[in-house]
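Engineer: One structure coming up, written as structure tokens, with questions to follow.
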Amino acid sequence: MRIARKLINYVFGEDPGGEKIRYLIVGGLTTLVNFSIFVLMHELCGIDETISNLVSIPASILFAYIANKLVVFRQQSESIKYLALEFIKFVGSRLFTMALEVGIVFLFSNVLEWNATLGKVIAMIVVIILNYVISKVIVFR
């Protein structure tokens, strides 16, 4: 019980390392949202992988913004203007990584003629790393 309490305090306390663990948890949940919607649409419903990506990624971006702002970086907005600017920076950075993700899946599926789902997994790893760096350095400073 004491170990669990220490772990919870570390992750959700003020320790700088806790932020990275929170990001990994939120990132995992964001990835789950993204991947689940993609697989549901593409694998189960037979919808084109690009369309599936164009639905799954924005849904995960909205989830990620709310979770990163409130849980990971614990940011409070001083004004509506600041909130809007922060949201625009977040969405802009995620649109950039969304284009990268769609491009990687397209490359795997249509150029290399490999499995689109494998391409999705590889793309998501690259995007998770980029998203943390961008969020930490640009969006939630």
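No lab work stands behind these numbers, since they all come straight from the coordinates. It should be emphasised that the depicted structure is a prediction, and the values quoted were computed from it without experimental measurement. Because the Cβ atoms are built from the backbone with ideal geometry, glycine has one as well, and the counts that use them run over all protein chains shown.
Engineer: Please determine, by comparing only the residues of the range 91-122 that are touching a Phe, Trp or Tyr at 6+ places or on another chain (Cβ under 8 Å) and small (Gly, Ala, Ser), which one is nearest to ARG22 (Cα to Cα).
Structural biologist: Once the filter is applied, the top-ranked residue is GLY119.
Engineer: Still on this model: Please state which one of LYS136, LYS69 is within 17 Å of ARG22 (Cα to Cα) and either polar (S, T, N, Q) or in contact with a Ser or Thr (Cβ under 9 Å, 6 or more places away or on another chain) (or both).
Structural biologist: Checking each option against the conditions leaves just LYS69.
Engineer: Please state which one of SER79, SER93, SER52 is over 23 Å from SER135 (Cα atoms) and not aromatic (Phe, Trp, Tyr).
Structural biologist: Going through SER79, SER93, SER52 in turn, the sole match is SER52.
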